[in-house]
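K.L.:
One structure follows; several queries about it will come next.
The values are calculated or read from the model by the stated rules, or taken from the named source; none is laboratory data. Not measured: the values here are computed from a predicted model. Note: ideal-geometry Cβ built from the backbone for every residue, glycine included; neighbour counts use all protein chains shown. Each accessible area value is taken on the protein alone, full model and side chains, heavy atoms only, with ligands, DNA and RNA left out. Shrake-Rupley method; radii C 1.70, N 1.55, O 1.52, S 1.80 Å.
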Amino acid sequence: MKKILFINACVRSNSRTKQLAAYVLGKLDGEVHEFRLEDMKFPEVNEEFLAERERKSSSGELDGEMFVCARALAEADEVVIAAPYWDLSFPASLKAFFEQANVLGVTFEYSADGRPVGLCRADRLIYVTTAGGSFFSDEYGFGYVRTLAAAFYGIGEIVQFKAEGLDIYGADVESILAGTKQIIDEYFREKRSV
Ligand SMILES: Cc1cc2nc3c(=O)[nH]c(=O)nc-3n(C[C@H](O)[C@H](O)[C@H](O)COP(=O)(O)O)c2cc1C
């Protein structure tokens, strides 16, 4: 069975981002393994941590707690990220996850000419986000994840589903979310017809 890694950076109990991500997950076949970032305690990435990680990764000791995020990412067949648009980007918990997951020899390696080469199995990453206002640019949120996933993890298809304007006074939140769900439906309909 396909392994789906669901990286959930949502924090609110009635999160609209989580609602859209659940809609996406409902379209996928496979076993979902959720990393609820709010519940995870990431170690501080300080000098001591980096030295210990370097020692363990260079001696091939990759089975411990230190590499849980990296192994989950490398072994997933598909990745779904739910991250609300915060401060033009995403919650810091997602960056903390990437700090733990980006491990040389697990999620990526370097070629002889110094370029990153992905070691992740996934062929698709779906990024789900919602904004209270408008997305000024994708540069610091989805754009960052897209570049990381393509350049470092070697994931071929990176898709974003988003909804915006949800906190604007008078916004019809249900109809905005319904519009995004329709886009999600169309995407999967097209995928199934090829
Ligand atoms: C800490 C924080 C930062 C936010 N920053 C932005 C922002 O930069 N731009 C924006 O349009 N909305 C911003 N918002 C509003 C959220 O993007 C919006 O409420 C979003 O739908 C939250 O998703 P959720 O319903 O999944 O929690 C912010 C909200 C919070 C709590």
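K.L.:
Please go through the range 7-36 and give me each residue that is more than 18 Å from Pro91 (Cβ to Cβ) and of a type outside the set (A, V, I, L, M, F, W, C), ordered by number.
P.N.:
Tyr23, Gly26, Lys27, Asp29, Gly30, Glu31, His33
K.L.:
Which one is farthest from the chain's Cα centre (by Cα), of the residues in the range 136-153 that are open to solvent by 10 Å² or more (accessible area, probe 1.4 Å) and of a type in the set (A, V, I, L, M, F, W, C)?
P.N.:
Of everything passing the filter in the range 136-153, Phe136 is farthest from the chain's Cα centre (by Cα).
K.L.:
Taking the range 83-95 only, how many residues are more than 12 Å from the chain's Cα centre (by Cα) and closer than 11 Å to Phe42 by Cα?
P.N.:
Total satisfying the criteria: 0.
K.L.:
Filter the range 121-134 down to the residues that are out of contact with any Leu (no Cβ under 6 Å at 6 or more places or on another chain) and open to solvent by 10 Å² or more (accessible area, probe 1.4 Å), then identify the one that is farthest from the ligand (Cβ to nearest atom).
P.N.:
Arg121
K.L.:
Of all residues being away from the ligand (no atom under 16 Å from the Cβ) and either open to solvent by 30 Å² or more (accessible area, probe 1.4 Å) or in contact with a strand residue (DSSP E or B) (Cβ under 7 Å, 6 or more places away or on another chain) (or both) in the range 70-92, which is farthest from Leu177 (Cα to Cα)? Just the residue, please.
P.N.:
Arg71
K.L.:
At least 1 residues that are more than 27 Å from Asp167 (Cβ to Cβ) and among the basic types (Lys, Arg) in each: list the strands (runs of 3 or more DSSP E) lying fully within the range 1-99 that qualify.
P.N.:
3-8
K.L.:
Still on this model: Need pairs with beta-carbon distance below 6 Å; first residue farther than 13 Å from Ile81 by Cα and within the range 3-17, second more than 7 Å from the ligand (Cβ to nearest atom) and assigned to a loop (DSSP other than H, G, I, E, B); sequence gap 6+ or separate chains.
P.N.:
These pairs meet every condition: Lys3/Ala76; Lys3/Asp77.
K.L.:
Now, a different point. When you scan the range 12-68, how many residues do you find that are more than 23 Å from Thr107 (Cα to Cα), away from the ligand (no atom under 16 Å from the Cβ) and basic (Lys, Arg)?
P.N.:
So the answer is 1.
K.L.:
Now for a different question. Would a scan of the range 93-106 turn up a residue that is more than 16 Å from the ligand (Cβ to nearest atom), over 18 Å from Val117 (Cα atoms) and at pLDDT below 95?
P.N.:
no
K.L.:
Looking at the range 1-29, which of its residues are among the small types (Gly, Ala, Ser) and either open to solvent by 30 Å² or more (accessible area, probe 1.4 Å) or under 18 Å from Ala96 (Cβ atoms) (or both)?
P.N.:
Hits for the range 1-29 are Ala9, Ser13, Ala22, Gly26.
K.L.:
Within the range 154-185, track down each residue that is open to solvent by less than 60 Å² (accessible area, probe 1.4 Å) and among the hydroxyl-bearing types (Ser, Thr, Tyr).
P.N.:
Listed by number, the list holds a single entry, Thr180.
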